[in-house]
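A.B. asks: Below is one structure. I have some questions about it.
The values are calculated or read from the model by the stated rules, or taken from the named source; none is laboratory data. Quick caveat, the model's predicted, so the values are computed rather than measured. All Cβ positions, even for glycine, are placed from backbone atoms using ideal geometry, and neighbour counts span all protein chains on display.
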């Protein structure tokens, strides 16, 4: 494979977020990622794109997606899922301001990011251009690994024998 044929392992995507109005008594609105753009536009971060009575959308900024050779099976699972997605994490920088903390194409990493407290994690649809980059990376680097079930060692019945105090682990 020549250097020109090696697919990208890093690329930027633009992230669109929404501030949605809530009807509950505890919060007036909620932030969530809603879309990924296939490339970062020339627009500055936190530029307002639209506003209605219920929702305002903003271009939150660009973030780099990094692909790893050891996760190609995860990327395949994402691409064949029927709804290829990017997982976007928003991190609060103050009471009502956020920054894009991470973007990943690995569904298992995305799931683990959702376990954090205080961060907003959402799966957004993956643009077709990003799907093509992910597929090219998968095809270039994926190696199918055969699953081999390990055999357990047989239990030692003497290991469960009673032990007398002071015998230092030796059976009675």
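A.B. asks: Please state which one of 140, 92, 161 is surrounded by 10 or more Cβ atoms within 10 Å (Cβ to Cβ), modelled with pLDDT under 95 and within 15 Å of residue 31 (Cα to Cα).
C.D. replies: Step by step, each of 140, 92, 161 is checked, and only 92 is surrounded by 10 or more Cβ atoms within 10 Å (Cβ to Cβ), modelled with pLDDT under 95 and within 15 Å of residue 31 (Cα to Cα).
A.B. asks: If you don't mind, there's one more thing I want to ask. Is one or more of the residues making up the stretch 39-49 within 30 Å of residue 143 (Cα to Cα), surrounded by 12 or more Cβ atoms within 10 Å (Cβ to Cβ) and in contact (Cβ under 8 Å) with a residue 40 or more places away in the chain?
C.D. replies: Yes, the stretch 39-49 contains at least one residue that is within 30 Å of residue 143 (Cα to Cα), surrounded by 12 or more Cβ atoms within 10 Å (Cβ to Cβ) and in contact (Cβ under 8 Å) with a residue 40 or more places away in the chain.
A.B. asks: Moving to a separate point now. Kindly indicate the residue of the stretch 106-116 that is in contact with a helix residue (DSSP H, G or I) (Cβ under 6 Å, 6 or more places away or on another chain) and crowded, with 17+ Cβ neighbours inside 10 Å and also farthest from residue 40 (Cα to Cα) among those meeting that condition.
C.D. replies: Across the stretch 106-116, the extreme among qualifying residues is 107.
A.B. asks: Which one of these does residue 87 not meet: (1) more than 16 Å from residue 123 (Cα to Cα); (2) in contact with a helix residue (DSSP H, G or I) (Cβ under 6 Å, 6 or more places away or on another chain); (3) not in a helix (DSSP H, G or I)?
C.D. replies: Result: residue 87 passes all but (1).
A.B. asks: Sticking with this structure for a sec: When the stretch 90-120 is examined, which residues are found to be under 17 Å from residue 78 (Cα atoms) and in a loop (DSSP other than H, G, I, E, B)?
C.D. replies: 105, 106, 114, listed by residue number.
A.B. asks: Taking the condition of being surrounded by 14 or more Cβ atoms within 10 Å (Cβ to Cβ) and out of contact with any strand residue (DSSP E or B) (no Cβ under 7 Å at 6 or more places or on another chain), how many residues in the stretch 78-89 meet it?
C.D. replies: Total meeting the criteria: 2.
A.B. asks: Let me ask something else. Going residue by residue through the stretch 121-138, is there one that turns out to be assigned to a helix (DSSP H, G or I) and over 17 Å from residue 11 (Cβ atoms)?
C.D. replies: No, the stretch 121-138 contains no residue that is assigned to a helix (DSSP H, G or I) and over 17 Å from residue 11 (Cβ atoms).
A.B. asks: So, one more: I need the full set of residues from the stretch 95-105 which are more than 17 Å from residue 15 (Cβ to Cβ) and either crowded, with 19+ Cβ neighbours inside 10 Å or in contact with a strand residue (DSSP E or B) (Cβ under 7 Å, 6 or more places away or on another chain) (or both), in order please.
C.D. replies: None; the set is empty.
A.B. asks: Go through the stretch 117-137 and count every residue that is touching a strand residue (DSSP E or B) at 6+ places or on another chain (Cβ under 8 Å), at pLDDT below 90 and surrounded by fewer than 15 Cβ atoms within 10 Å (Cβ to Cβ).
C.D. replies: Total satisfying the criteria: 1.
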